[in-house]
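Peer 1: This structure is in structure tokens; I'll ask about it shortly.
The values are calculated or read from the model by the stated rules, or taken from the named source; none is laboratory data. What you see is a predicted model, and the numbers here were worked out from it, not measured in a lab. Cβ placement follows ideal geometry from the backbone for every residue including glycine, while neighbour counts extend to all protein chains displayed. Side chains are part of the model used for accessible areas, which takes the heavy atoms of the whole protein and leaves out ligands, DNA and RNA. Shrake-Rupley method; radii C 1.70, N 1.55, O 1.52, S 1.80 Å.
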Amino acid sequence: MEFRKLGNVENCKIKLRDNPLRRKKRVLVGCGAGFGGDRSLAALKLLQRVDQLDYIVLECLAERTLADRYQTMMSGGDGFDPRITEWMSLLLPISVEKGVCIITNMGGVDPSGAQKAIMKVAKDMSLDITVSAVEEAVYPQTEMRLSDKQEMINCGASTYLGAAPVVECLEKYKPHVVVASRIADASLFLAPMVFELGWNWNDYELLAKGALAGHLLECGCQLTGGYFMHSGDEHRNLPIPKLLDLSLPFAEVQCDGQVYLGKAVGSGGVLNRSTCAQQLLYEVGDPSAYITPDVIIDIRDVNFQPITPDEILCLGAKPAAVPVPDTLLQLIPEDCGWKGWGEISYGGFGCLHRAEVASIMVRSWMEEAFPGVRDGIISYMIGLDSLKIARSDKDEISEVRLRMDGLFESEEQAAHFAREFTALYTNGPAGGGGISVGHKKEITLRKELVSVKQIPESEEPLRKFSIQVSRESVFWRTSGLGGNPSRNRNAEPDRAGTSRVEAVDRGGAVPAPSGERMPLHRAAHCRSGDKGNDLNVSVVPHCPGDLSRLKAVITPRWARRALSAFLEESTRVEVYEVRGASALNVIATDVLDGGVNRSRRIDRHGKTVSDVVLAQEIVLPP
């Protein structure tokens, strides 16, 4: 197989595009994956069920997966997503046939390696395709510029990029696939909008609308009913058949910035104000300044107007008072020690006390061998019916599973912890079983906001990237694909028969009762997410009219009490109003045990905190 590098290192400060061409009046961009572990078959179904798609984005890279790829590459393995062959084998035939371009960040820390893997899939399937690879800017922590990419990755910091390199790939090479590294999530979706609709980098109103559409799409089915069903909430108790037929979302974006969010017609799940409001605030801090590398967005007035059960209009996004960031976010790999963990189950009478004794014993054994390490170990008690022990009618605990997690300075300590935990089989309390242990090296990705002047070896760069393009010179064969026929990618979607401006709200909840003590979940729903070591919890009332009453109750003081089990001494708690979506956003800093890459908790991301908050009791004023 022959590869031709058609691009070279580019220095892209934000300079205006030269006479950008408006190729379309509207563009349809779908989300095929919301994280590295997403369902590839769901992406295939989106391609099969939505004929007018122009692009499908596979957003598969997060801080945790980036750290994993970094570690794997340092150990001699592949630095790109290990599932890339699976995804491309499934999606390339139909995407090529239908003229849908795939954009993905599955390149991890080795986009050129991912490019070669994609081209091998294409060759094996006799597909003639062009693949662009965007190499992320990686800078060493010294003044010396290293020529070997592997050395640069091993000692460098990676910088979040915006949409510019993807737009350049689309303009120069018309690729079937663009594979990149740490492109900001929303920017992956914004790029085809900028390219197709003729937007420029100073069209801040348009960029804000497009970037917000990307943010709403980036988590996949979380916009269309995934991660939304809740059996304890009558407003979210979706039937199982609707959950089994979820559609990934897509957006139709017009050249004037109008955004319509959609799912496959007649599919299950749900696309409404509630799902959109949750995703709007997911992993967001101050809603007046949601920062992306391309534009800073003010989302306080964003609102959603349902049109059909499968389509909703998104309005109100605008650029922040200062629309362009003057810093970029860098992720700097740092050693944060070694993890060691263990689990063991106890059942029957007295099981909780025996698990507590086992925890004390392991801590004591570790302290005996390595004085001072016990403070780095935490314990959890989990369990309901994993042992299949019949429970009485009383609320007695019939089983628990002890989990212990420790963060240590050396591999020796972490391995010793695993051995000491295993010793519970002969030295611990009676009846313990099902032990599992492990240890591994951990790194964290320290975040820094860096001035562009701190990035070396260029004159005032804002983004720096390398583009490589390869084309496989074999016959393109599409026989036997089946499904939908090929279409003209320049054809416009058929929008006849729908009044698309006068959207109608088809339903809503009744106001929550006043003066009555009740759990918060009777009045609102939540979703929680992580940003480094910070946590955000959206609070979305079932009835939008209840926002002012909830605002009177959910104050920073109330939030501190609700989150008291997680608070650290340095924690700062803030509550923001998002008036357009009729929601509140609660921010708590420094509560996630150091962030997802080093946390010793079972729930590293803080996702379960949402129901901790929903269980808190409130009394709404009249």
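Peer 1: In Å², and per residue, what accessible area does region 186-265 have when probed at 1.4 Å with the other protein chains present?
Peer 2: That works out to 30 Å² for each residue.
Peer 1: Can I ask one more? Work through the residues other than Phe189 whose Cβ is under 9 Å from its Cβ and net out their charges, Lys, Arg +1 and Asp, Glu -1.
Peer 2: -3
Peer 1: Using a 1.4 Å probe on the protein heavy atoms, what percent of the accessible area of region 159-235 belongs to carbon and sulfur?
Peer 2: Taking all protein chains in place, region 159-235 shows 48 percent carbon and sulfur surface.
Peer 1: Also, I was wondering about something else. How many nm is it between the label spots at Ser89 and Leu315, if each spot is 7 Å from the Cα in line with the beta carbon?
Peer 2: 4.8
Peer 1: Please compute the modelled spin-label separation between Asp335 and Ala509, points set 7 Å along Cα→Cβ, answer in nm with one decimal.
Peer 2: Going from the Ala509 label point to the Asp335 one covers 5.0 nm.
Peer 1: Keeping all protein chains in place, calculate the accessible area per residue for region 512-622 (probe 1.4 angstrom), answer in Å².
Peer 2: 40
Peer 1: Could you pull out the pairs from Lys15/Lys174; Lys116/Lys174; Lys242/Lys531; Lys98/Lys172; Lys24/Lys116 whose alpha carbons sit more than 23 Å apart here?
Peer 2: As for pairs spanning more than 23 Å Cα to Cα, those are Lys242/Lys531; Lys24/Lys116.
Peer 1: Right, next: What does the charge count around Gly77 come to, taking other residues whose C-beta lies under 13 Å from its C-beta (Lys +1, Arg +1, Asp -1, Glu -1)?
Peer 2: -3
Peer 1: Sticking with this one: Just the number, please: carbon plus sulfur as a percent of the accessible area of region 20-83, 1.4 Å probe, no ligands or DNA/RNA counted.
Peer 2: 52
Peer 1: If packing is taken as the mean number of other Cβ atoms within 10 Å per residue, what is the order of 405-416, 437-448, 25-36, highest first?
Peer 2: Output ranking for 405-416, 437-448, 25-36: 25-36, 405-416, 437-448.
Peer 1: Show me the GluC sites (Glu not before Pro) within region 522-577 that DSSP assigns to loop and that have at most 10 other Cβ atoms within 10 Å of their Cβ.
Peer 2: Taking region 522-577 and a limit of 10 other Cβ atoms within 10 Å, the loop GluC sites (Glu not before Pro) found are Glu569.
Peer 1: Work out, step by step, the length gained on full extension between Asp301 and Glu568: first 0.36 nm times the residue separation, then minus their alpha carbon distance; give nm to one decimal.
Peer 2: Gain in length upon complete extension: 92.9 nm.
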